[in-house]
Amino acid sequence: MNTRFVLSLCAALASLTLVTAPAFAHARLDHANPRVGSTVQSAPRQVTLWFTEKVEPAFSRIEVRDDAGNRVDIGKAVVDKSNPVELHIAVKPLRAGTYKVFWRVLSVDTHKTEGRFSFRVER
Amino acid sequence: MSNLLQRTAICGFAVGVVCLGCARAHETAGNRFFPATLAVDDPGVNDELAFPTISAFKTGDDPSAKQLDVSAEFAKRITDDFAVSFEPTWTRISRPGGPNMNGASGFQNLETALKYRLYKNAEHEFVASVGFNIEWGGSGADSVGAESVTSYTPTIFFGKGLGDLPDSMRWARPFAVTGQIGYAFPNSRTTSTIDPDDGSIEIETNPDILVWGGSLQYSMPYLKSSVTDLGLPDFFNHLVPIVEFAMETPVGHTIDSGTVTTGTINPGVLWIGDKYQVGIEAVIPVNRASGKNVGVIGQLHLYLDDIFPNSIGRPLLASSTLARGSR
């Protein structure tokens with residue numbers, strides 16, 4: 001078995017695995033509005049998260065808390081019907097300050113992921 | 001250098017470098033995603049396939065020889081927290097290496113590893129595991145330095161993300177460290193070898209070896225999703241600059257091996273996708289006994305739990321769907 005054969009075999013099998021792989025993975029946060037770590041001039045009416053995979057509405061949630069740790073979100077997080085990677089939740093009128101967003105989602109392939117970030121309202 | 005001496009040198013070196021090609025697990029703890037590392041192991045317990053891992057470097061022998069390693073690792077979870085892995089490695093040593101200084105090629109000893117996740121704390125991005133590695137003596141080719149004795153290595157692994165730093169240090173939150181420390185011991189204290197030149201028998205003492213290493217990594221995906229979204233091009237948001245170090249120090253029965261620490265420091269970068277990652281690192285020997293010049297190691301690593309979540313990517317004995325997802 002020579003070197004060229006071994007390397008060719010590696011490349012061929014790896015390519016085959018990637019090509020045949022179905023599109024499922026952990027749902028990771030792709031981006032958010034307000035943007036992660038950003039400062040916004042006016043208070044948002046809702047917080048929206050976009051994930052890298054479709055998420056299950058029944059097992060996906062968002063909490064938004066102010067500096068004191070009080071929840072400022074309203075109702076339940078909703079998955080956008082036309083875009084199942086988008087999850088949003090309404091928030092109360094926000095005053096100036098820093099807010100933390102805690103999220104926890106279940107992707108359609110049943111992987112659970114979670115995370116948190118903050119944004120600041122300057123108004 | 002006699003054939004025997006050269007073989008001994010190759011064998012000793014092979015013990016030290018065989019982990020260059022080891023494939024490593026990935027792990028998630030809260031916000032933190034610990035990618036698979038190339039040179040050292042991390043606490044991850046998962047279903048995955050690292051294939052291929054290719055490393056090229058110059059051995060620590062005198063004279064030094066070019067060595068190419070191609071390895072694969074398949075890891076399979078038995079339960080949510082317990083996995084077994086198998087890793088074959090094929091080696092090609094160029095001239096003047098090999099038993100007759102004409103080069104050699106063949107498989108290293110097969111390695112099998114058991115790993116159990118002991119503890120995970122999502123809030124503090126911490127995870128710890130224990131493992132037991134077996135290198136099956138005699139399963140590889142003597143010409144490329146595969147030992148005839150079996151060695152066992154109980155090991156402790158940990159990973160810690162710095163996401164719990166205060167807001168004043170939020171730029172450091174994407175940092176994470178991983179580490180491992182293990183104690184390798186052989187199933188036979190001595191190995192007898194016949195010198196083909198004069199027919200004499202030499203008895204070599206097999207040492208106990210402290211196997212230790214770790215990584216320091218800065219996660220751009222973490223920076224974007226948990227600290228601040230800088231609006232960088234998507235390619236950069238998948239990168240994890242990393243420095244790994246993999247060391248071995250003979251600590252017991254060192255009459256023949258000596259006590260010199262050997263190892264490498266590997267700066268490089270990983271690109272993290274949803275279903276796979278690729279990585280490339282320089283391999284810098286810490287001393288002459290560890291190698292000569294700078295080598296390179298690269299790897300394609302497939303997350304089987306993401307690629308095949310309902311078949312080979314799930315534990316054989318999954319406790320429940322939700323529990324599986326929470327790993």
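Which condition breaks for residue B:13 when tested against (1) surrounded by fewer than 24 Cβ atoms within 10 Å (Cβ to Cβ); (2) touching a Phe, Trp or Tyr at 6+ places or on another chain (Cβ under 9 Å); (3) modelled with pLDDT under 95; (4) closer than 30 Å to residue B:202 by Cβ?
Exception for residue B:13: condition (2).
What's the total number of residues in segment A:98-123 that are assigned to a loop (DSSP other than H, G, I, E, B) and touching a Lys or Arg at 6+ places or on another chain (Cβ under 7 Å)?
Going through segment A:98-123 one residue at a time, the tally reaches 2.
Within segment A:64-123, which residues are aliphatic (A, V, I, L, M) and touching a residue at least 60 places away in the same chain (Cβ under 8 Å)?
Those that are aliphatic (A, V, I, L, M) and touching a residue at least 60 places away in the same chain (Cβ under 8 Å): A:101, A:105, A:106, A:108, A:121.
Any residue at all in segment B:260-273 that is more than 14 Å from residue B:37 (Cβ to Cβ) and modelled with pLDDT under 95?
Taking every residue of segment B:260-273 in turn, at least one turns out to be more than 14 Å from residue B:37 (Cβ to Cβ) and modelled with pLDDT under 95.
Quick grid of which residues meet (1) closer than 28 Å to residue B:94 by Cα; (2) at pLDDT 95 or above; (3) outside any loop (DSSP other than H, G, I, E, B):
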residue	(1), (2), (3)
B:140	yes, yes, no
B:149	yes, yes, no
B:157	no, yes, yes
B:170	no, no, yes
B:179	no, yes, yes
B:185	no, yes, yes
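Which of the residues belonging to segment B:208-222 are in contact with a helix residue (DSSP H, G or I) (Cβ under 8 Å, 6 or more places away or on another chain) and either within 12 Å of another protein chain (Cβ to nearest Cβ) or of a type in the set (S, T, N, Q) (or both)?
Correct list: B:221 only.
Kindly list the number of the only condition in (1) within 17 Å of residue B:41 (Cβ to Cβ); (2) within 11 Å of chain A (Cβ to nearest Cβ); (3) over 16 Å from the mean Cα position of the chain (by Cα) that fails for residue B:310.
(1)
Kindly list the number of the only condition in (1) without any contact (Cβ under 8 Å) to a residue 24 or more places away in the chain; (2) farther than 26 Å from residue B:133 by Cα; (3) aliphatic (A, V, I, L, M) that fails for residue B:203.
In the conditions (1) without any contact (Cβ under 8 Å) to a residue 24 or more places away in the chain; (2) farther than 26 Å from residue B:133 by Cα; (3) aliphatic (A, V, I, L, M), residue B:203 misses (2) alone.
Quick check on segment B:49-72: of everything there that is within 13 Å of chain A (Cβ to nearest Cβ) and charged (D, E, K, R), which residue is surrounded by the most Cβ atoms within 10 Å (Cβ to Cβ)?
B:69
In segment B:149-175, what residues are closer than 21 Å to residue B:116 by Cβ and hydrophobic (A, V, I, L, M, F, W, C)?
B:156, B:157, B:158
Would it be correct to say that residue B:274 is of a type outside the set (Gly, Ala, Ser) and free of Cβ contacts under 8 Å to residues at least 60 places away in the same chain?
yes
Go through segment B:74-121 and count every residue that is part of a loop (DSSP other than H, G, I, E, B) and either crowded, with 16+ Cβ neighbours inside 10 Å or at pLDDT 95 or above (or both).
So the answer is 14.
For residue A:32, are the conditions met, namely being crowded, with 16+ Cβ neighbours inside 10 Å, more than 10 Å from the chain's Cα centre (by Cα), under 26 Å from residue B:167 (Cα atoms) and hydrophobic (A, V, I, L, M, F, W, C)?
In short, no.
Regarding residue B:194, is this residue away from chain A (no Cβ under 14 Å), surrounded by fewer than 14 Cβ atoms within 10 Å (Cβ to Cβ) and not hydroxyl-bearing (Ser, Thr, Tyr)?
Yes, satisfied.
For residues that are within 14 Å of another protein chain (Cβ to nearest Cβ) and of a type in the set (D, E, K, R), scanning just segment B:275-305, find the one that is surrounded by the fewest Cβ atoms within 10 Å (Cβ to Cβ).
Checked segment B:275-305; the qualifying residue surrounded by the fewest Cβ atoms within 10 Å (Cβ to Cβ) is B:275.
Matching residues to (1) modelled with pLDDT of 95 or more; (2) at the interface with another protein chain (Cβ under 9 Å from one of its Cβ atoms); (3) crowded, with 16+ Cβ neighbours inside 10 Å; (4) under 30 Å from residue B:88 (Cβ atoms):
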| residue | (1), (2), (3), (4) |
| --- | --- |
| A:10 | no, yes, yes, yes |
| A:25 | no, yes, yes, yes |
| A:52 | no, yes, yes, no |
| A:56 | no, no, yes, no |
| A:94 | yes, no, yes, no |
| A:99 | yes, no, yes, no |
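So which residues in segment A:94-116 are over 14 Å from the mean Cα position of the chain (by Cα) and more than 18 Å from residue A:38 (Cα to Cα)?
A:109, A:110
Out of segment B:306-317, which residues are exposed (fewer than 15 other Cβ atoms within 10 Å of the Cβ) and free of Cβ contacts under 8 Å to residues at least 12 places away in the same chain?
Of everything in segment B:306-317, those that are exposed (fewer than 15 other Cβ atoms within 10 Å of the Cβ) and free of Cβ contacts under 8 Å to residues at least 12 places away in the same chain turn out to be B:310, B:311.
The values are calculated or read from the model by the stated rules, or taken from the named source; none is laboratory data. These numbers come from a predicted model, not from an experiment. All Cβ positions, even for glycine, are placed from backbone atoms using ideal geometry, and neighbour counts span all protein chains on display.
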